[in-house]
Amino acid sequence: MIRIGWAVLAGAAGLAILALGLEAAGYDSSSALTALWNGAFGSWYAFTSATLVRSVPLILIGLGIAIAFRAGVFNIGAEGQFYAGAIAATWVGLHVAGRPAALAIAMVLSASVLAGAAWVAVPVWLKLRFGVIEVISTLLLNFVAESLVSLLVQGPLQEPTGIYPQSDAIAEAARLPLLAAGRLHAGFLLACAGALVLWYLFSRTVWGFRLRAVGLGPRAAEVSGQIDSPRMGAVALLCSGCLAGLAGGVEVSGVSYALFQNLSPGYGFTGIAVALLGGLHPLGVLLSGIFMGALEAGAGAMQRDAGVPSVAVYVVEAVIIMVVLLATTPKGGWIPVRVIRRIRPAAPKAHR
Amino acid sequence: MDPVVLVTGFLAAAVRVTTPLLFAATGETLSERSGVINLGIEGTMLAGALAAALGASEWGPWGGLIAALVAGMVTAGVFALLAIGARADQIITGTAITLAAIGLTGTVYRRAFGAAGAGLSIPTFPPLRIPGLASIPVLGPALFEQPFPTYLALAGLPVVWWVLFRTRLGLALRATGEAGAMARAIGVRTRLMRAGATVAGGGFAGLGGATLVLAQVGTFTERMTAGRGYLAIAIVVLGRWHPLGVALAAFVFGLATAMQFLFQALGTRVPYQLFLMLPYLLTLLALAGAVGRVRAPGDLGR
């Protein structure tokens, strides 16, 4: 209950700061916030086709980041893994015309999952083999992924006329079915299912227990539970990459139907806010993902209707992250404090 | 093309792109030596870049430089307040600071210059020729015909080295980073030390952002730092937390980035995106080779 209270407070603090900032910058904050509300919840169409559609990648990425944080490893490269998944999904999606839809979609989504895992496998390998901290390596690979997308949409994957820097539209068969009138696609169900599965894994299985044990204290987990902490961390990072890759695949197969630059408006970083606001709890992540989806969908409306730049929501996200973090820091509740110990290269300290 | 002209141009370009990295990495060296890993340095550079643009259009390039210094220190001050004052997790705080900086700079920039950002002309630093030295063939024009911020970055290095390794303050700072508890036991005010190093480091990062605007691009664009702050953190690891090593690592990066100009000049038809990836891939490779043989400050990140 206390956690939910903090999460609500964090959301409110973020919005309050936004209102104050807008007022200070000379915008009409009440009309801006009205536009934000209407863009997110103003109508059934806005809620399903803007908010929920936007929340799908955030939930998937947020779940992945929650796995990593729970295991005490950082994945700040979800943005890159998202792009890897999107690239793979596009490539497969361009080659599955004429196949049954179920098969085509399964192929597209599994390709994106594999690509996301492959993208994070590099940092995992660097960490296990050379002790390179994953914070830096996952971050750096984001920029490589962005350049790779740029390269592909102006080269091998560019649409046939060669005019626009984007890929051709993927085959009809590879597109996720829409759930209702509007733009809400089956990916939302996938995200909900993912949250439920993860909740079960975390709270009802030995695997979930081990993962959390490693996050809370890797040494203790090794000594008292005979758990292989580095291996558990690696598995968590890989799962995290799978989910971020899946988010990229779902975005291509359910929303954009094509690959282009800036396909992600920073989902990878918003996903961190989603995971923290959700208390690293899968069902919490589901709710906070919808909240952030509403915020971003509303921000788009705010830019259109009130002329407020939509990037302003990043400030809200940052405030939310910090409020949640500060609320939980003294007891080390949500974030395993011991994560930090891993930052250092594994040079054993001599006891004097 | 004349090879001498080509090599000179290549080296000059390398020095130019090294400068912002050098500023940021020098600053991060200071804060990491005190035990603070500041991932917010990316956002700090961005804040510095916008402050430089706004300051320069108001008071000229010097005003821009000072505005960037102040903006960098303020941004790092917020980080210090949260991560050192309130003991929030440094990695996540740094990410949040960068996120906030992206949002704030984007909003302020559009508020100040309109959505298109057109008509933004900023007075910049012209190349400053150092008489005599600039006449040295090849190296002269590359090293001694640069805008003022480059010389400032080069001058900052020995100062940081001297402070870190030749003063009592530096000794206390390094002790804080290596073993905070022991430093505290002998009377060092460790949190003040960390906050000070972080804020000073933020000043350097702000200057790095200013260099981008005032000595390279000549304008501000959203997210213009493009991960240079993160590269700086990697450079600090590669430079083994020592100012001179850091300078060397930064210059290697400058060379890698400047390759794209060289290849363009040679007329090679290699996709330019490959060169955009190069510094990041190179960093990963170098990290794999370097880590394990280097040792971070003992209390880094605590």
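The values are calculated or read from the model by the stated rules, or taken from the named source; none is laboratory data. All values reported here derive from a predicted model rather than from experimental measurement. Heads up, the Cβs are rebuilt from the backbone with ideal geometry, glycines too, and the neighbour counts pull from every protein chain shown. Side chains included, ligands, DNA and RNA excluded: accessible areas come from the protein's heavy atoms. Shrake-Rupley method; radii C 1.70, N 1.55, O 1.52, S 1.80 Å.
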### Query
Does A:V132 satisfy the condition of being in contact with a Leu (Cβ under 7 Å, 6 or more places away or on another chain), aliphatic (A, V, I, L, M), facing another protein chain (nearest Cβ under 10 Å) and farther than 17 Å from A:W91 by Cα?
yes
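Being more than 30 Å from A:S43 (Cβ to Cβ) and free of Cβ contacts under 8 Å to residues at least 40 places away in the same chain narrows it down to one of A:A71, A:A84, A:A145, A:A102, so name that one.
Every option except A:A102 fails the conditions.
Residue-wise test of (1) free of Cβ contacts under 8 Å to residues at least 24 places away in the same chain; (2) aliphatic (A, V, I, L, M); (3) within 22 Å of A:L52 (Cα to Cα).
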{"site": "A:T205", "(1), (2), (3)": "yes, no, no"}
{"site": "A:I227", "(1), (2), (3)": "yes, yes, no"}
{"site": "A:A234", "(1), (2), (3)": "no, yes, no"}
{"site": "A:L237", "(1), (2), (3)": "no, yes, no"}
{"site": "A:C242", "(1), (2), (3)": "no, no, yes"}
{"site": "A:Y257", "(1), (2), (3)": "no, no, yes"}
{"site": "A:P265", "(1), (2), (3)": "no, no, yes"}
{"site": "A:G268", "(1), (2), (3)": "no, no, yes"}
{"site": "A:A273", "(1), (2), (3)": "no, yes, yes"}
### Query
Residues in the range A:57-74: is at least one in a helix (DSSP H, G or I) and surrounded by fewer than 20 Cβ atoms within 10 Å (Cβ to Cβ)?
no
### Query
In the range A:14-33, what residues are under 27 Å from the mean Cα position of the chain (by Cα) and away from chain B (no Cβ under 13 Å)?
A:L15, A:A16, A:A19, A:L33
### Task
Check B:A210, B:A175, B:A179, B:A200 and return the single one that is without any contact (Cβ under 8 Å) to a residue 40 or more places away in the chain and either open to solvent by less than 10 Å² (accessible area, probe 1.4 Å) or under 28 Å from B:G85 (Cα atoms) (or both).
B:A175
#### Entry: In the range B:270-293, residue nearest to B:L21 (Cα to Cα) [restricted to those that are more than 7 Å from chain A (Cβ to nearest Cβ) and modelled with pLDDT under 75]
B:A290
### Query
Where residues in the range A:273-313 are within 17 Å of A:N38 (Cβ to Cβ), more than 12 Å from chain B (Cβ to nearest Cβ) and among the small types (G, A, S), which of them is surrounded by the most Cβ atoms within 10 Å (Cβ to Cβ)?
A:G298
#### Entry: Output for the range A:88-106, where each listed residue is open to solvent by 20 Å² or more (accessible area, probe 1.4 Å) and either within 13 Å of chain B (Cβ to nearest Cβ) or in a loop (DSSP other than H, G, I, E, B) (or both)
A:L94, A:H95, A:A97, A:G98, A:R99, A:P100
### Message
Just to be sure before I move on: is A:F260 in contact with a strand residue (DSSP E or B) (Cβ under 7 Å, 6 or more places away or on another chain) and either hydrophobic (A, V, I, L, M, F, W, C) or open to solvent by less than 10 Å² (accessible area, probe 1.4 Å) (or both) in the structure I sent?
### Response
yes
### Query
Residues in the range B:74-96 that are under 12 Å from B:E42 (Cβ atoms), in contact with a Gly (Cβ under 7 Å, 6 or more places away or on another chain) and facing chain A (nearest Cβ under 10 Å): how many?
1
### Task
Please state which of the following conditions B:G208 fails to meet, knowing it meets all the rest: (1) modelled with pLDDT under 90; (2) over 25 Å from B:A288 (Cα atoms); (3) of a type outside the set (D, E, K, R).
(1)
### Summary
If we ask which residues in the range A:144-163 are touching a Leu at 6+ places or on another chain (Cβ under 8 Å) and part of a loop (DSSP other than H, G, I, E, B), their number turns out to be 1
### Task
Evaluate the following for A:V120: is it modelled with pLDDT of 95 or more, more than 9 Å from chain B (Cβ to nearest Cβ), open to solvent by less than 10 Å² (accessible area, probe 1.4 Å) and assigned to a helix (DSSP H, G or I)?
yes
### Task
Mind listing whichever residues of the range A:314-328 are more than 12 Å from B:G103 (Cβ to Cβ), at the interface with another protein chain (Cβ under 8 Å from one of its Cβ atoms) and open to solvent by 10 Å² or more (accessible area, probe 1.4 Å)?
A:M322, A:L326
### Query
What do you reckon, is A:G162 touching a residue at least 12 places away in the same chain (Cβ under 8 Å), more than 14 Å from chain B (Cβ to nearest Cβ) and open to solvent by 10 Å² or more (accessible area, probe 1.4 Å)?
no
#### Entry: Candidate set from the range B:246-258 (those that are touching a residue at least 60 places away in the same chain (Cβ under 8 Å) and among the aliphatic types (A, V, I, L, M)); member that is surrounded by the fewest Cβ atoms within 10 Å (Cβ to Cβ)
B:L255
### Subset tally (residues that are open to solvent by less than 10 Å² (accessible area, probe 1.4 Å), away from chain A (no Cβ under 14 Å) and within 11 Å of B:V246 (Cβ to Cβ)) for the range B:25-46
3
### Task
Can you confirm whether the range B:97-110 contains a residue that is more than 14 Å from chain A (Cβ to nearest Cβ), under 28 Å from A:Y314 (Cβ atoms) and not charged (D, E, K, R)?
no
### Query
Looking only at the range B:217-238, which residues are more than 14 Å from chain A (Cβ to nearest Cβ) and either surrounded by 24 or more Cβ atoms within 10 Å (Cβ to Cβ) or in contact with a Ser or Thr (Cβ under 8 Å, 6 or more places away or on another chain) (or both)?
B:G218, B:T219
### Task
Specify which of the listed residues (A:L114, A:L109, A:L128, A:L141) is among the hydrophobic types (A, V, I, L, M, F, W, C), under 16 Å from A:C242 (Cβ atoms), open to solvent by 60 Å² or more (accessible area, probe 1.4 Å) and not in a loop (DSSP other than H, G, I, E, B).
A:L114
### Query
With (1) open to solvent by less than 10 Å² (accessible area, probe 1.4 Å); (2) closer than 20 Å to A:Y257 by Cα; (3) within 10 Å of chain B (Cβ to nearest Cβ) as the list, and A:Q154 as the residue in question, which single condition is left unmet?
(1)
